1. Would you tally the residues in the stretch 60-94 being in contact (Cβ under 8 Å) with a residue 60 or more places away in the chain, of a type outside the set (Lys, Arg) and touching a helix residue (DSSP H, G or I) at 6+ places or on another chain (Cβ under 9 Å)?
2. Look through Asp73, Asp142, Asp99 and report the one residue that is assigned to a helix (DSSP H, G or I), charged (D, E, K, R) and more than 30 Å from Val34 (Cβ to Cβ).
3. Quickly run through the stretch 61-85 and pick out the residues that are crowded, with 16+ Cβ neighbours inside 10 Å and within 30 Å of Thr111 (Cβ to Cβ).
4. Exactly one of these conditions fails for Leu166: (1) touching a residue at least 60 places away in the same chain (Cβ under 8 Å); (2) surrounded by fewer than 23 Cβ atoms within 10 Å (Cβ to Cβ). Give me its number.
5. I'd like to know if the stretch 168-178 contains one or more residues that are out of contact with any Cys (no Cβ under 7 Å at 6 or more places or on another chain) and not in a helix (DSSP H, G or I).
6. Determine if the stretch 238-248 includes at least one residue that is more than 15 Å from the chain's Cα centre (by Cα) and either closer than 20 Å to Leu183 by Cβ or modelled with pLDDT under 95 (or both).
Amino acid sequence: METSGYLAVGAVAAVVTFLLTPIVAWFARRFGLVVEPDERRVHTDPTPMIGGLAMFIGFLAAMGVAVSLDRFDPLFTGNSEPLGVVIACGIVFFVGFIDDIFELSAPAKVTGIVVAGLVLVAFGVTMFYFRVPFLDVFVLSDDWIPLITVLWLLGMTQAVNLIDGLDGLAAGIVAIAAGSFFLYSQRLTEMQLITTANLGPLIAVIAAGVCIGFLPHNFNPARIFMGDGGALFLGSLLAVSTSVVGGRADPSTQQQSTGQTFFFFAPLFIPLFILGVPILDTAFAILRRATRRQGLATADKGHLHHRLMNLGHGQRRSVLILWLWTALLSGFVLYPVYTNSGGAVAPLAVIALGLLLYTVLHPQVRRTRDT
């Protein structure tokens, strides 16, 4: 399927989200749906918190345009999966949106996401294969599919929600990750490792589009936040796109393809690598709270972006550093895919070292340490 069609749908998602976000912000201020500053937050003014609503509408608009385009007929004709994605992602968004307004309990939020996962299962939006690196590829049975689908959805939504702590951070990371995964999935399609009827590339490009449309309003100083509704919704889009691409790439074909070492880790290793920043942050948060005997839903200021700010980086620089890390990790994925050279990543390793040194040894960091 032509890339131009996907880009057109992504552009619709971006434009609709961009145009609707100021309207949503006005609505939020009109009805008092704002986040007040407190000791845990870094913003200093009351800020609208339901930006995820504009994202969700942008997603629906983009899906509507895709349905109307003949080139996407293989994705929609006789296929129940798109409807399942809309319903499931709508449930996830609704759970987060209600939490933004009324503060749901952690069990209630988890229950809502589990229901969304079961909707995905009911409509067939699931993985077929699960590859464990260095071990084997497992064909998922009907008994395992619901569990794996729900856990994947829970993991992705939580990862994006936890990283949403600075202006523009989550939207930028998801834009880079989703865009990279779209390019990755397009390459797999060209190599006939997934079919042209796979829904993953479309969902990935829409996720990138809504983030690009939202970012101008959300970058520091943010005029609106995406809230839990937006963060959980973006996580659900990533969960869907990565599972139907990564969990359906034919493992027997992969072993015969070029770049065998790279594809040995594929398919599900790839989204985990691209999303390394939020996943690493989630792992640290779980470990940190477990050692303190705190609940997993307990808020704190120990996330990666908070640590960067403690090192002396301001909000914008902290966000840009984490964006660059996400772009770098995406580069590690895309370089061998597009060059068929799995080992020639030395330039990226040098960039990684330079970025690490900049993160830790920036003059402002040294000044902070010396005070």
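The values are calculated or read from the model by the stated rules, or taken from the named source; none is laboratory data. Since we're looking at a predicted model, the values are computed, not measured. Neighbour counts are summed over all protein chains in view; Cβ atoms, including those assigned to glycine, are modelled from backbone coordinates with ideal geometry.
1. Looking only at that region, the number is 14.
2. Asp73
3. Those that are crowded, with 16+ Cβ neighbours inside 10 Å and within 30 Å of Thr111 (Cβ to Cβ): Ala61, Ala62, Met63, Glu81, Pro82, Gly84, Val85.
4. Status for Leu166: all satisfied but (2).
5. yes
6. Yes, the conditions are met somewhere in the stretch 238-248.
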